[in-house]
Amino acid sequence: QVQVVESGGGLVQAGGSLRLSCAASGSIFSINLMGWYRQAPGQQRELVALITKIGITNYADSVKGRFTISRDNAKNTVYLQMNSLKPEDTAVYYCKVVAAPVDYWGKGTLVTVSS
């Protein structure tokens, strides 16, 4: 049984910061990729940021320079530091953990940015 649990969402004013965390636990032997996606109301789920086991990162253009993804392999945990938040960042943020050949998803954490 594998669990992926996000935390750290909440309400913040535009220009503020939040840090999301995601911990994977259970029968995961080798995590290749960890990442964050988000889904705004009425929108499709989109990639926010990914990080490989050796720390190579990839970001959506809309968050480059504002968000930073990092991970702690020993703890099977991935983080998303979000700075200079904008109202358009409002969404449910989902964590994805890839332990090939299976993708595991968390249930999401809501981030609301007020203007």
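The values are calculated or read from the model by the stated rules, or taken from the named source; none is laboratory data. Here the structure is a predicted model, which means the values were calculated and not measured. All Cβ positions, glycine included, derive from the backbone under ideal geometry; neighbour counts span all protein chains shown. Accessible surface is based on the protein model in full, side chains and every heavy atom, while ligands, DNA and RNA are left aside. Shrake-Rupley method; radii C 1.70, N 1.55, O 1.52, S 1.80 Å.
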- Message: Under the 0.36 nm per residue contour assumption, what length would be gained going from the current alpha-carbon distance of ASN58 and GLU46 to full extension?
- Response: 3.0 nm
- Query: For the chain, modelled as a Gaussian network with Cα springs under 10 Å, which listed residue fluctuates most, GLY55, GLY35, GLY26?
  - Reply: GLY26
- Shape box of the stretch 49-105 [Cα atoms, principal axes, largest first, Å]: 34, 20, 19
- Can you list the lysines whose alpha carbon sits under 19 Å from that of LYS53, skipping same-chain ones fewer than 8 residues off? LYS75, LYS96
- Out of ILE54, ILE28, ILE69, a Gaussian network model of the chain with alpha-carbon springs under 10 Å gives the largest mean-square fluctuation to ILE54
- Message: If you filter the stretch 1-90 for trypsin sites (Lys or Arg not before Pro), then keep DSSP loop positions with at most 11 other Cβ within 10 Å, what is left?
- Response: LYS64
- Task: Send over a whole-number figure in Å² for the accessible area per residue of the chain, probe 1.4 Å.
- Result: 54 Å²
- Task: Hand me the chymotrypsin sites (Phe, Trp or Tyr not before Pro) from the stretch 1-84 located in a DSSP loop with no more than 10 other Cβ atoms within 10 Å, in residue order please.
- Result: PHE29
- Query: What base-10 log of the normalised intensity I(q)/I(0) is obtained for the stretch 1-94 from the Debye formula, alpha carbons as equal point scatterers, at q = 0.20, 0.26 Å⁻¹?
  - Reply: -0.99, -1.49
- To the nearest 0.05, how large is the calculated FRET efficiency for VAL102 and ARG66 if R₀ is 25 Å and r is the Cβ-Cβ distance? 0.20
- Please work out the FRET efficiency for the pair SER27 and ASN73, using the Cβ-Cβ distance as r and a Förster radius of 22 Å; give the result to the nearest 0.05. 0.85
